[in-house]
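What follows is a set of notes on a single structure, which appears directly below.
Derivation of every value follows stated rules applied to the coordinates shown; laboratory data play no part. For clarity, every value in this text was computed on a predicted model and none was experimentally measured. Cβ coordinates were reconstructed from backbone atoms using ideal geometry, including for glycine residues, and neighbour counts include every protein chain displayed.
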Amino acid sequence: MARTPPDGTLPKATVQETISIFSAVLIPTLAKGAIIRRPKVVGMSERLGLDRRAVRRLQKLSETYGDGPLLLRTPYKTMALVLNPDHVHRVLEETPEPFATDERTKRSALAHFEPEVALISRGGERAERRRFNEAVLDMGHAVHCMADRFLPVVDQEAQALLKNVQERGGMLDWDRFIETWFRIVRRVVLGDSARDDHELTTLLGDLRADANWGFARPKRKQLKERFFERLHSHLGRAEPGSLAALMANTRSNEKTAPANQVPQWLFAFDPAGMATFRALGLLAAHRDHIERARAEIASDKATLHPELNFLRACVLESLRLWPTSPMILRESTEPTHWAAGAMPAGTSILVFAPYFHRDDRHLDYADRFSPELWLEPRDAKDWPLVPFSGGSGICPGRHLVMLLTSTLLARLIEHRDVRLEPPHRLDASQPMPALLDNYTLRFRLGEARD
Ligand code: HEM
């Protein structure tokens, strides 16, 4: 039974419960790296099953406190945990007022490398920056308006990768994959001239590593200046066929801060690579699904820009099973009222996506690879599956992500036999693991198939 305090505020976790939430949920999630992953910690989390422990901890709390939201007793800010599916929809639908995206932990992290990005802006600035992002990322369309320029980039880089893998004995590992992926990303965002600018990605990686520590690590002004200098030199070319060119032709004003939106794009394509590699693992382990994907590729061959809906669904499933943005954070801008009581203004609100995505008390597919889930439209009446968030703060890059990732997967699987190495790394007859360490995934790519 929920314990509602006599003062009418939401139920509060005890000090002991708060400590256990920190140790089972927040600390392990942050230790993996919120802004850039720490591969060793990801590997350890998979081995120790820490992500399953986090979901179990929240399930237990919801049995004690019912619907919540549940307030946590932290010394430096009020936090609320969302435990009820309808509350997830409410928080996401009522963004940015009264639930602002620029929650303070997020603000202190992202300010290291993108202080004026939409996600940590408010009011008129946020509205303008969001509009700019939606326009350049062509959020309203499943197939980006520049697909005819982007898809050949994916094809070329995939062919180069396959050739390289074949020459080196047929083994595809993370390092080789991610190198290709970042080449695609730099060409799409900044143009072909940026293809081999690994330094730009490295500089951003260093800034993101600082951002993992939020306010606990001082900002490195010189590093940021070096990164932005390099970024500006790419953006200045506005190379035809890139998002940079589209940016140059998109209306902006004194509030937009166009260049400050770009680190978010470059940074967020990193988890898209992780999701793609894991989706390849899912397909390699589920032979009937990989055949279905190949059939889709073959039947869409005649289409100019195939949507590849089944492969998109596979990427979405990879993100449901292993969300790359597990913590969706909001901050309440005014007092709000819930069935269980009042939430004060200035509360940090946490939607922990894995708790909803993997809730085996309510979802028979919780631990199964079920891409078909994503083939039907979903809305706010459905169970919240929110890899890209939802409501007015939904990721404006999601269709572009789906377009590029599904096309890359298509090129990798269509003519190759793809096997996990070792084969038992992911077993379709078993529940899908709570975490899949993408850094240690390896595939043997067989000879070309017809
Ligand atoms: C697998 C890849 C990605 C995932 C899972 C993802 C997920 C998300 C999520 C959950 C949010 C909301 C964050 C929050 O409310 O705190 C978000 C916001 C955002 N994403 Fe993505 N994203 C991905 C890739 C991308 C890419 C590649 C771009 C750009 C090319 C992008 C652009 C943005 C922007 C601009 C926002 C901020 C939106 C706002 O302020 O309203 N994302 N993304």
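Annotations for the structure displayed:
- Within the range 58-97: backbone nitrogen closer than 14 Å to the THR14 label point (7 Å, Cα to C-beta): 61, 64-65, 73
- Length-normalised contact order of the range 1-62 in % [C-alpha pairs under 8 Å, at least 6 apart]: 29 percent
- Prolate/oblate/rounded call for the chain, Cα gyration tensor, a/c under 1.5 rounded: oblate
- The helix-only estimate of mean residue ellipticity at 222 nm for the chain, built from DSSP H runs of length n ≥ 4 each weighted as -39500 (n - 2.57), is -15500 deg cm²/dmol after division by the residue total.
- Separation of alpha-carbon centers, the range 151-183 and the range 77-142, rounded to whole Å: 34 Å
- In a simple Cβ point-charge model (Lys, Arg +1; Asp, Glu -1; nothing else charged), the range 176-244 has a dipole of about 220 debye relative to its Cα centre.
- Amide H contacts of THR78 (H built 1.01 Å from N, under 5 Å, at least 5 apart or other chain): SER348
- Estimated at 0.36 nm per residue, the fully extended path between ASP364 and ARG287 surpasses their Cα-Cα distance by 25.6 nm.
- Förster-model FRET efficiency, 25 Å R0, ALA345 and ALA127, C-beta, rounded to 0.05: 0.75
- Database remark: amide H of THR9 closer than 5 angstrom to the amide H of ALA342 (H placed geometrically; neighbours at sequence offset of 5 or more, or on other chains; Pro and chain starts carry no H).
- Relative contact order (%) - the range 311-380, alpha-carbon pairs under 8 angstrom, separation at least six: 37 percent
- Peptides 192-205, 304-317, 69-82 ranked from most to least packed give 304-317, 69-82, 192-205, packing being the mean of other C-beta atoms within 10 angstrom over each peptide's residues.
- Ranked TRP383, TRP181, criterion: other C-beta atoms within 10 Å, fewest first: TRP383, TRP181
- Two-site label geometry, LEU48 and THR74: point separation in nm, points 7 Å out along Cα→Cβ: 2.0 nm
- Anchor LYS106: lysines whose Cα lies under 16 Å away (excluding residues fewer than 8 positions away in-chain): LYS32, LYS77, LYS219
- Across the range 15-448, the relative contact order, built from alpha-carbon pairs under 8 Å that are at least six residues apart, equals 26 percent.
- Taking label positions 7 Å along the Cα-Cβ direction at both GLU334 and ALA298, the computed distance is 5.9 nm, reported to one decimal.
- Net charge over other residues, Cβ less than 11 angstrom from the Cβ of VAL315 (K, R count +1; D, E count -1): +3
- 24 Å Cα-Cα reach of LYS301 towards lysines, excluding residues that sit fewer than 8 places from it in its own chain: LYS163
- Extension reserve of the ARG220-ASP196 stretch, reckoned as 0.36 nm per residue once the Cα distance is removed: 6.2 nm
- Using only side-chain charges placed at the Cβ, +1 for Lys and Arg and -1 for Asp and Glu, the dipole size of the chain relative to its Cα centre rounds to 1220 debye.
- Averaging the Cα positions of each part gives two centres, and for the range 275-328 and the range 235-270 these lie 28 Å apart.
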